[in-house]
Amino acid sequence: MSAIIIDGNAIAKVVRAKWKERVVRLREEGVQPGLAVLIVGSDPASQIYVRRKVKACEDLGIHSERHEFSATAAEEEVLDRILQLNVDPAIHGILVQLPLPAHFRSRRLLEAIAIEKDVDGFNLYNVGALVAGDTIFPPCTPYGVQCILEYSRIPISGQNVVVVGASNIVGKPMAMLLMRQEATVAICHLKTRDLAQFTILADILVVAAGKPNLITAPMVKTGAVVIDVGINRMPNGRLVGDVDFDAVARKASYITPVPGGVGPMTVTMLLVNTIKSAERIAKVDIARESA
Ligand code: NAD
């Protein structure tokens, strides 16, 4: 068997084109969606991610603002900025780029973001809504994986899904989203004994551990769908995922490459969440004006 390689860039292009039309419609009504990204310190990977997000906004006609703070900034300074952005009518989405420097309490900052502008979906209210099955902002990376599966017409209901990685950003929300679509989901993590005994059962295997070559061909069921979320920079500078791509691609039915798989979809879903937020806020404003 030789897997179909899922082209995340191509799917992202289609999704972005569709949502660009909604930006045009909003702008015709006098509303320009706006995203504010807060970045603290000069972590090179974070700088690249933020640049990508800002550029993607520009391409879609979304207003974007980058709010930079030095690594030695006080937590209160960042908190104050979030509170200002919460009431700024030009801003519909607020994102704090993670990780934050060690002296910051990330939770405190994430909780300060207005629920209706929490486009990353990390505020506890939105986490709770995700668990209850009706979140307005699914976290962008798992939402991107869900979108990839939908565009590739891969059935989810009744499938065995194994998620490797149990972080708040990827693994846990991924499991919640797919469980909501009636998959049977197992979550594995660093302390899972004999990882292969779980992965071999997966019809859909989502890997987000941050360990190159964690998933080898013998760990994968023939015909499985393999989604590689991992991003690892090798000593030679090459980017790889968590899956032994060449060997697993000979066994799987579908596989995402790294780069060019899940990555472009993460940014795309951030744009989608921001546009949805602008639509929702615009509707509330119109209702208020006509009341
Ligand atoms: P994290 O470090 O917060 O969590 C990693 C998880 O993997 C943990 O639950 C840990 O227990 C588990 N894990 C680690 N080693 C393992 C092992 N040997 N066996 C089983 N489980 C193991 O990381 P994260 O923020 O969830 O990110 C995971 C990976 O996904 C990273 O490579 C990150 O760069 C990547 N990522 C990619 C995107 C994207 O857009 N493509 C977005 C976010 C994260």
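The values are calculated or read from the model by the stated rules, or taken from the named source; none is laboratory data. Keep in mind it's a predicted model, so treat the numbers as computed, not measured. Every residue, glycine as well, gets a Cβ built from its backbone with ideal geometry; the counts of neighbours run over all protein chains shown. The accessibility values were calculated without ligands, DNA or RNA, using every heavy atom of the protein model including side chains. Shrake-Rupley method; radii C 1.70, N 1.55, O 1.52, S 1.80 Å.
Evaluate the relative contact order of the chain (contact order divided by residue number), counting alpha-carbon pairs under 8 angstrom at least 6 apart; express in whole percent. The normalised contact order for the chain reaches 23 percent. Relative contact order of region 24-148, taken over Cα pairs closer than 8 Å and 6 or more residues apart, is 24 percent. Normalised by residue count, region 1-130 yields a Cα convex hull volume of 148 Å³ per residue.
Between S277, S253, S70, the Gaussian network model of the chain with springs among Cα atoms under 10 angstrom shows the greatest mean-square fluctuation at S70. Mark the label point 7 Å from the Cα of D88 along Cα→Cβ and return the residues of region 20-38 whose backbone N is within less than 20 Å of it. 27, 30-38, by backbone N distance to the label point.
Placing unit charges on the Cβ atoms only, positive for Lys and Arg and negative for Asp and Glu, gives the chain a dipole magnitude near 620 debye about its Cα centre. Built from the Cα atoms of region 187-291, the convex hull projects on average onto 9.7 nm², one quarter of its surface area.
Viscosity 0.890 mPa s, temperature 25 °C: Stokes-Einstein D of region 84-215 from its Kirkwood Cα radius, in µm² per second? It comes out at roughly 153 µm²/s. Just to confirm a number: summing +1 for Lys and Arg and -1 for Asp and Glu over residues other than F104 whose beta-carbon lies under 15 angstrom from that of F104, what do you get? Summing Lys and Arg as +1 and Asp and Glu as -1 gives -3. Taking label points 7 Å from Cα along the Cα-to-Cβ direction, A17 and E58 give a separation of 2.3 nm. Indicate the gyration tensor shape class of region 1-62 (rounded, prolate or oblate), computed on the Cα atoms with a ≥ b ≥ c the square roots of the eigenvalues: a/c under 1.5 is rounded; otherwise a/b larger than b/c is prolate and the rest oblate. Judged from the Cα gyration tensor, region 1-62 comes out oblate (a/c at least 1.5, b/c at or above a/b). Taking Lys and Arg as +1 and Asp and Glu as -1, the other residues whose beta-carbon sits under 13 Å from that of D88 total -1. To test your reading of the geometry: what angle, between 0 and 90 degrees and rounded to tens, separates the Cα axis of helix 140-151 from the longest principal axis of the chain? In the chain, helix 140-151 runs at an angle near 60 degrees to the longest axis. Net charge in the neighbourhood of P44 (other residues with Cβ under 12 Å of its Cβ; Lys, Arg +1, Asp, Glu -1) is +1. Averaged over its residues, region 185-291 has an accessible area of 47 Å² per residue, based on protein heavy atoms and a 1.4 Å probe. Two decimals is fine: what is log10 I(q)/I(0) at q = 0.17, 0.24, 0.29 Å⁻¹ for region 252-291, from a Debye sum with one equal scatterer on every Cα and no solvent? Ignoring solvent entirely, the Cα scatterers give -0.60, -0.79, -0.89.
For region 129-171, the Cα-based Rg and Dmax, in that order, read 11.2, 27 Å. Under the simplified labelling scheme, the A217-E68 pair shows an inter-label distance of 4.7 nm, with each label point 7 Å from Cα along Cα→Cβ.
Based on alpha-carbon centroids, what's the gap between region 30-76 and region 129-199 in Å, whole number please? Measuring centre to centre over Cα atoms gives 27 Å. Within the accessible area of the chain, the carbon and sulfur atoms contribute 56%, probe 1.4 Å, all protein chains present.
Past the 27 angstrom mark, what percentage of all C-alpha to C-alpha distances in the chain do you count? Within the chain, distances greater than 27 Å cover 42 percent of Cα pairs.
With 28 Å as the limit, the listed pairs K53/K211; K18/K53; K55/K251; K13/K221; K18/K251; K13/K276 have K55/K251; K13/K221; K18/K251 beyond it between alpha carbons. Largest GNM mean-square fluctuation among G133, G165, G237, using the chain with Cα springs under 10 Å: G237. Determine the shape class of region 153-223: with a ≥ b ≥ c the square roots of the Cα gyration tensor eigenvalues, call it rounded for a/c under 1.5, and otherwise prolate if a/b is greater than b/c, oblate otherwise. Oblate shape, in that a/c is at least 1.5 and b/c is the bigger or equal ratio. Across D242, D120, D194, mean-square fluctuation computed from a Gaussian network of the chain (C-alpha pairs under 10 Å connected) peaks at D194.
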